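Asker: Have a look at the structure that comes next, please.
Read the figures in this text as sums done on the coordinates, not as results from a lab. As the structure is a computational prediction, the values presented were derived from the model and not from experiment.
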Amino acid sequence: MRRLIGLAAAGFLALPLSGSLFGTAAASPPHGSDRAANAPVGSGPPYPGEVVPIVPGPVRPGGDRPPNRVRTFLLTFARGESPTPVLRHVLLMCDPPRGTHSDPVAACGALVAAKGDPGALTPLSGVVCTTRYDPVTVTATGTWDGRFVRFVKTYGNDCSLYAATGAVFSFGERSKS
């Protein structure tokens, strides 16, 4: 639950916000007040009993980014066929690439090519793995361009995980097999 809350907080922090979300408009001051006629509306505290309504203003995306361009994942790595207990976890944010991942540029590049679907990552060519069964389970939970993504998959061993996902899940503990 703490991870989900942390992921949600990270997603909200990654949202581009510029401009104000809510404009304010103040009601006229009571008759006979000494409020300066040229003072901007909404500056200073309201008079006692004065009601200041909150009027919603336009919501505009920041910069050149389209709205819903949040690309954030919490990636986890666990030994065995269950996603728990988690041995390692990282936060990956991809617009621009950053977070606690050891190589966010390569991981984000692979996810951009897969359109944010960890199940559609292009396997690495030329990687030869043993058939020794030592399962690892990985998860990716987050949002990609306004779409919620939840990915859970178990691989036969560390090498098959690396061959299938490349840099995206290359932060887990690697066995010496």
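Asker: Which length gain, in nm to one decimal place, applies between Lys115 and Asp134 when the Cα-Cα distance is subtracted from 0.36 nm times their residue separation?
Answerer: Values: separation 19, 0.36 × 19 = 6.84 nm, distance 2.95 nm.
In short, 3.9 nm is gained.
Asker: Just subtract the alpha-carbon distance of Thr84 and Lys153 from 0.36 nm times their residue separation and send over the number in nm, one decimal. Provide the component values of the computation, followed by the final result.
Answerer: On the way: separation 69, 0.36 × 69 = 24.84 nm, distance 1.22 nm.
Length gained between Thr84 and Lys153: 23.6 nm.
Asker: Further, regarding this structure: For segment 66-165, what does the relative contact order come out to in percent, with C-alpha contacts under 8 Å and a separation of six or more?
Answerer: 31
Asker: Treating the Cα atoms of segment 66-165 as identical point scatterers in vacuum, please give the log10 of the normalised Debye intensity I(q)/I(0) at q = 0.21, 0.24 Å⁻¹, two decimals.
Answerer: Log10 I(q)/I(0), no solvent term: -1.12, -1.36.
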